[in-house]
Every structure is written in C-alpha cells, then in structure tokens.
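What follows is a single structure, written as structure tokens, with notes after it.
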Amino acid sequence: MTNTEMRPTSASFTTSGAMPRVSHGEGVYVYDTDGNRYIEGSGGPTLFCVGHGNREVGDAIKAQIDRIAHGYRYMFSSDPLEELTALIAEESGGGLTRMSFVSGGSEAVESCLKLALQYHSANGEPSRRRFISRQRSWHGNTLGALSVSGFQARRAPYEGALIEGSQLSAVNVYRPPPNVASDKVAEFCANELDEEIERLGAENVAAFIFEPVVGAAGGAVPAPPGYAKLVREICDRTGVLMIADEVMCGVGRCGAWRALDVDGVTPDIMAIAKGLSGGYMPLGAAVYQDRLYQRIIEAHGEVISGHTYTGHTTACAAGLAVQKIIRRDGLVEKATADGDYLRAQLGQAIGDLDFVGDIRGRGLFIGIELVADRDTKEPYDPELQLFIKVRTRAFSNGLICYPTGGSVDGLRGDQIILSPPYTASRAELDEIVDKMATSLRQVRETL
Ligand SMILES: Cc1ncc(COP(=O)(O)O)c(C=O)c1O
C-alpha cells in the first residue's frame, strides 16, 4: 500500500488539495485515481450497505432514468415509490405505513419534526411545540435537525439561532450520568424524560427524538435493555410523540430491519436514510403511523411539507433495488451474525491495547472508544485530536473508518465507528480488523 500520508481532516464543503480523487469502487473496495485501494471499514459514513459497483442497483437506476428521471409529486406517483412504500411498511411493521421520501437524513429528520408539529395542530393541541432530545446525539445539519442535536462541535457556530429545546443526559452505560450506576442508566434516563415533560407541561411537548443506537456523536452506543420500553410508556402516557432517528442505525444494520425492533418498541415516527439506498442515490424517508396521517388529513387535507425532489422516482428506484437485494440475500441476518464475529475478532486483535477503553455496538455497527486511562476512563486531551490521527493513519493504511470526537462531554473523547457493508465476506472483515489493529498500534506509538 503506497497511499500518500496526508488525508482529509474535516467534513468541510470544499475539497482540499490533500484529498485523493475517487476513481471507482467494487464491493467493499474503493480506488483512487492514483491506483490506491481502500477497504470500507465503515462503509463511508455508515452508508454503503451493499458495497460499491453493484450491477443490479446500477441497472435499476439506468432503466428508470431511461424511462423518466422523476415524476413530480403533485402530479404523479410511480411504481418504484409505491413498491418501496409497501416494502418499507412490511419491514417496519407496527402500523408504520405512511411515508414521505426525501433526499437524505437531515431532510428525513426535519420532516419527522414537522409531522409531529402538524399532527398536534391537527389534533387540537397546537401548544405542543417543544422537542426533547439527548446530549451526544446527531440528527443532521439543517437548522431544525441541528437544533435537536447534541453534538457540541457541530452546533457551536450556530448557537443563538437554533430552536430552543431540552436536552437530556446521553444514554451510555460506559459513561453513565454522574453518580448513576451502569445498571441504573435505563431507569435514570427514562425518569429524566418523565421529569422534563412534567416540568414543561405535557401540553407543551411535541416529541422526544432519539437515536436507538447513537452514531457519530457517541460511537455506536446502544441504549441498555429496557430503556426504549420505558420511554414508550412515558410517551404513551403523556401524548408526547416518539421519534426514532434510525438514519444511521436502521435498515438492517443493528440486528433487525428497524433498530428499535430489537427493543420490542415501535415509534410513532421514524427517520431512515443511509442504508435505504446504500449511497447509490440521495434518499431518506420519514415513516409514520397511519393514525397520525389520518388525523392530519381530516383536519388539514394534506401533509403540509415537501420538496421538489420529494418521492424522487430514480432515487426510489435505487432504494427499491437495494432493499430487494437486502431481502433476497438475507443481509439483515448476515449483518447480525457478522457483527458478532467482527466484535469478537476486534476484541482479540485490539482488546489488549492499553488505550482501547470500550468495544461496543449492535449488529454490524461497532464503536471503539480510546482512553488515556482504562481504569478511570479518562479521555485524551482534545488538543491532541486523536480521532483525526486515527482517521489519517488508517486511511494511509488503506482503511476507511469513521472516527469522531466528543463522546465524553461534547469536546473530550475519541471514538471510531466500524460499520462495513452487509455484503463484506469474513475474509474482508478480517482485513478490516488487521488494518484497524495495525493503525491503532501505530498511533499508540506516537502518544
Ligand atoms: C442519526 C443521524 N441522523 C441524521 C443524520 C443526517 O443525515 P444526512 O447527513 O444524510 O443529512 C445523520 C448523518 O450522519 C445521522 O447519523
């Protein structure tokens, strides 16, 4: 591997001269125009669930574009849109039959927030405007989605202009709230929600939004068993809608098609994206209960939200092709089993490294947290930008992984997400483990 040393350091809008140019992809591998090869340890940002260069998906996109690229939503529905709606409703279960297709995760979250507001207006409770969310969570970059996000570094430049909301403790058994034992995290955090609703007055609260397994802001952090059920009970009792943000953890990545299914819980509204079209076209969806839709239609006649590209026909065709592959090839079951395998292999390969504090996750969504002291869980000084060092080192070793910072308090903490395509073979998973272990050892030597 001769990949050059310096690699991207920020998720900025503009490219920097330091980044290689992408050439093509095949399965779990990506090639740059200099001929270097990279393995998809994280499927980009937990995105490429069926790998790159999939011919079936490519053919479906081309066939759709050859017919028509897009049927605009005020005039037409389309076969891909209708078929994808039916497939998602079936996979989701629990009455989640209504959906609006948008162009990505942030728009999906934004739509979920607005659906909650419109539902309460339609339901005669227009005072329900407030959103409750959690610290160390990420819901997207549009102003609404950013407002409910608990990712300090990404919020900072926009503070003062964000929608006021409530943010509760992060739900993390490795880093419980102060003075809370790990086995009490579920109850404590659910109680916090109950108390906040009480404090605000339920009549003022629209929805609670959370990631069932936290992604970028925490590093693949599942909530402890029982938490989601307690939240469901609180929402049912108070009329607060439950919004599950499954943009990263959903669509088969975490042990079931819907991540919250593993907890035996159905949300009122759910955001999905990423694995929905696996990166082949920009696509996300707000999926919601029919009873919400019926109430909105009775009162307002239509869901008053949408965009030019809502229900984009070719994007839906791409999503449909990806979802048919996932279903036909049993990829949800494969991802679940491969996740256990990958975690076990990582445990063997890096578990003895003294700066690996935690290896966690669910399904094929795995987080590694790095700490300066394993006993106290003290993180490294954020000035070190350790997570960026890991990203840079791994990339130059030909491994794409997804390190982020801030898992401890929004600023301190270094975590790495591994979330390979569901299609990765065991040999490819082994290669990811090898490269991750090598990269971490190399970084450790520099500290
Ligand atoms: C949980 C979650 N919600 C929302 C988003 C925003 O999605 P997008 O980047 O597609 O706008 C992300 C992106 O990483 C995410 O992880």
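The values are calculated or read from the model by the stated rules, or taken from the named source; none is laboratory data. It should be emphasised that the depicted structure is a prediction, and the values quoted were computed from it without experimental measurement. Neighbour counts are summed over all protein chains in view; Cβ atoms, including those assigned to glycine, are modelled from backbone coordinates with ideal geometry.
For region 183-201, the criterion of being of a type in the set (Asp, Glu), within 27 Å of Ser305 (Cβ to Cβ) and either within 12 Å of the ligand (Cβ to nearest atom) or outside any strand (DSSP E or B) (or both) is met by at least one residue. Scoring Lys274 on the criteria (1) at negative phi; (2) within 15 Å of the chain's Cα centre (by Cα) leaves a single failure, condition (1). Scanning region 277-286 for residues that are within 11 Å of the ligand (Cβ to nearest atom) and on the phi > 0 side of the Ramachandran plot yields a single hit, Gly279.
Pick from Ala349, Ala318: which is among the small types (Gly, Ala, Ser), crowded, with 17+ Cβ neighbours inside 10 Å and over 26 Å from Ser103 (Cβ atoms)? Only one candidate qualifies: Ala349.
Inside region 224-256, residues that are within 16 Å of the ligand (Cβ to nearest atom) and either more than 22 Å from Glu187 (Cβ to Cβ) or in a helix (DSSP H, G or I) (or both) make up a count of 11.
Scan Gly71, Gly35, Gly58 and give me the residue that is surrounded by fewer than 13 Cβ atoms within 10 Å (Cβ to Cβ) and over 20 Å from Ile272 (Cβ atoms).
Numbers: Gly71 fails: surrounded by fewer than 13 Cβ atoms within 10 Å (Cβ to Cβ); Gly58 fails: surrounded by fewer than 13 Cβ atoms within 10 Å (Cβ to Cβ).
It is Gly35.
If you go through region 29-50 and keep only what is hydroxyl-bearing (Ser, Thr, Tyr), more than 16 Å from the ligand (Cβ to nearest atom) and under 21 Å from Ala437 (Cβ atoms), you end up with Tyr29, Tyr38. The numbered conditions (1) surrounded by 24 or more Cβ atoms within 10 Å (Cβ to Cβ); (2) out of contact with any Cys (no Cβ under 6 Å at 6 or more places or on another chain); (3) in a helix (DSSP H, G or I) are all true for Gly275 except (2).
Taken over region 175-201, residues that are among the hydrophobic types (A, V, I, L, M, F, W, C), touching a Leu at 6+ places or on another chain (Cβ under 7 Å) and surrounded by fewer than 21 Cβ atoms within 10 Å (Cβ to Cβ) amount to 1. For the condition more than 16 Å from the ligand (Cβ to nearest atom), of a type in the set (Val, Ile, Thr) and at pLDDT 95 or above, Thr14 does not qualify.
Answer yes or no as to whether Thr404 is surrounded by 21 or more Cβ atoms within 10 Å (Cβ to Cβ) and either in contact with a Cys (Cβ under 9 Å, 6 or more places away or on another chain) or among the polar types (S, T, N, Q) (or both). Yes; evaluated as a whole, the condition is true for this residue.
Criterion applied to Asn204, Asn172 was being at pLDDT 95 or above, among the polar types (S, T, N, Q) and either buried (at least 16 other Cβ atoms within 10 Å of the Cβ) or within 27 Å of Lys377 (Cα to Cα) (or both), and the one residue passing it is Asn172. Considering region 291-331, the residues that are under 24 Å from the mean Cα position of the chain (by Cα) and of a type in the set (D, E, K, R) include one that is farthest from Ser121 (Cα to Cα), namely Asp329.
Summed over region 119-144, residues that are surrounded by fewer than 24 Cβ atoms within 10 Å (Cβ to Cβ), within 27 Å of Ser277 (Cβ to Cβ) and away from the ligand (no atom under 12 Å from the Cβ) total 1.
Number of residues in region 257-266 that are in contact (Cβ under 8 Å) with a residue 60 or more places away in the chain and either within 13 Å of the ligand (Cβ to nearest atom) or not in a helix (DSSP H, G or I) (or both) equals 4.
Answer yes or no: is there a residue in region 300-307 that is within 16 Å of the ligand (Cβ to nearest atom), in contact (Cβ under 8 Å) with a residue 24 or more places away in the chain and crowded, with 24+ Cβ neighbours inside 10 Å. Within region 300-307, not a single residue is within 16 Å of the ligand (Cβ to nearest atom), in contact (Cβ under 8 Å) with a residue 24 or more places away in the chain and crowded, with 24+ Cβ neighbours inside 10 Å.
Beta carbons closer than 7 Å, at least 6 apart along the sequence or on distinct chains, pair a first residue in region 278-297 that is charged (D, E, K, R) with a second that is in a strand (DSSP E or B) and modelled with pLDDT of 95 or more for Asp290/Arg98. Applying the criterion of being over 11 Å from Arg136 (Cβ atoms) and crowded, with 23+ Cβ neighbours inside 10 Å to the residues of region 407-416, the residue that is nearest to the chain's Cα centre (by Cα) is Ile416.
Of the residues that make up region 106-118, is at least one among the acidic types (Asp, Glu) and either more than 15 Å from the ligand (Cβ to nearest atom) or not in a helix (DSSP H, G or I) (or both)? Walk me through how you get there before you give the answer.
Taking region 106-118 as the starting set, the residues that turn out to be among the acidic types (Asp, Glu) are 107, 110.
Adding the requirement that they be either more than 15 Å from the ligand (Cβ to nearest atom) or not in a helix (DSSP H, G or I) (or both) leaves none.
The answer is no; no qualifying residue exists.
If you go through region 83-105, how many residues are part of a strand (DSSP E or B) and hydrophobic (A, V, I, L, M, F, W, C)?
Selection size over region 83-105: 3.
Restricting attention to region 283-303, the residues being touching a Phe, Trp or Tyr at 6+ places or on another chain (Cβ under 6 Å) and among the small types (Gly, Ala, Ser) number 1. Only residues that are surrounded by fewer than 14 Cβ atoms within 10 Å (Cβ to Cβ), part of a helix (DSSP H, G or I) and in contact (Cβ under 8 Å) with a residue 12 or more places away in the chain: list them for region 148-169, please. Within region 148-169, Ala153, Tyr158 meet the criteria.
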